[in-house]
Amino acid sequence: MKTSCILLAAVLALTLSACLAPASSTPASAPESSSAVSSAPASSSKAASSSVIRSDYFYVTESDSSASDLKDASVSAPDLATPDSDAFTRFEAGLSDLGISFSERVTMDATYIGGEAGYKYQCEGYKIELYQFDPESDAYKKAESEGIVTLEGFGDFSALAHDGLVLLNNSSLPQEIVDLFNSL
């Protein structure tokens, strides 16, 4: 209970400081995960200890249940890198082929985890975060070898990596999403 109260106070303080900060210094979207990675392996269904970390600093959102109707969010967010449309288009087409729709696509500031660009997709009951990295970067090599990405100040998050892409691997992702990512 004490840990929950401390975490809640920290989240409230961060949210309040973000709301009070001038618009130019408000961070864009930071990665979100349902839990921080503990010392347990990423494949473990039970972590030794975990804490809930949520960070919803939305910069630009697009709402629509159809991926084909969505426009590129980076048009309204010039400070954020535009994701490689080919990789993300293939991922969105794969979601569609699986019958999975998303109600929102958010351009993420991937620099918080060492990436170049990314999107967060809001699906029913879970969120998918997919990022594009420079395959030669230390952050990508760490994601590939250790299965984690680090959000400075918040800790490590479980991740899957291949072909310059990183998928945050939270416990709520259906296996078919992981399989789709691995097929890209």
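See the values below:
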item: Residue pairs meeting the criteria (Cβ under 9 Å; at least 6 apart or on separate chains; first basic (Lys, Arg), in segment 102-125; second assigned to a loop (DSSP other than H, G, I, E, B) and crowded, with 23+ Cβ neighbours inside 10 Å); result: Lys120/Ser29; Lys120/Pro31
item: Filter result for Ile100 (open to solvent by less than 40 Å² (accessible area, probe 1.4 Å), in contact with an Asp or Glu (Cβ under 9 Å, 6 or more places away or on another chain) and among the aliphatic types (A, V, I, L, M)); result: yes
item: Neighbours by Cβ (under 6 Å, 6+ apart or cross-chain): first from segment 86-98, under 10 Å from Leu180 (Cβ atoms); second open to solvent by 10 Å² or more (accessible area, probe 1.4 Å) and modelled with pLDDT of 95 or more; result: Gly94/Leu180; Leu98/Glu176
item: Options Ser171, Ser158, Ser145; residue that is of a type in the set (Ser, Thr, Tyr), open to solvent by 30 Å² or more (accessible area, probe 1.4 Å) and in contact (Cβ under 8 Å) with a residue 24 or more places away in the chain; result: Ser171
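The values are calculated or read from the model by the stated rules, or taken from the named source; none is laboratory data. Just so it is clear, the model here is predicted, and its values are computed rather than measured. A quick note on method: Cβ atoms are made from the backbone with ideal geometry, for glycine too, and the neighbour counts reach across all protein chains shown. Heads up: the accessible areas ignore ligands, DNA and RNA and are worked out on the full protein's heavy atoms, side chains in. Shrake-Rupley method; radii C 1.70, N 1.55, O 1.52, S 1.80 Å.
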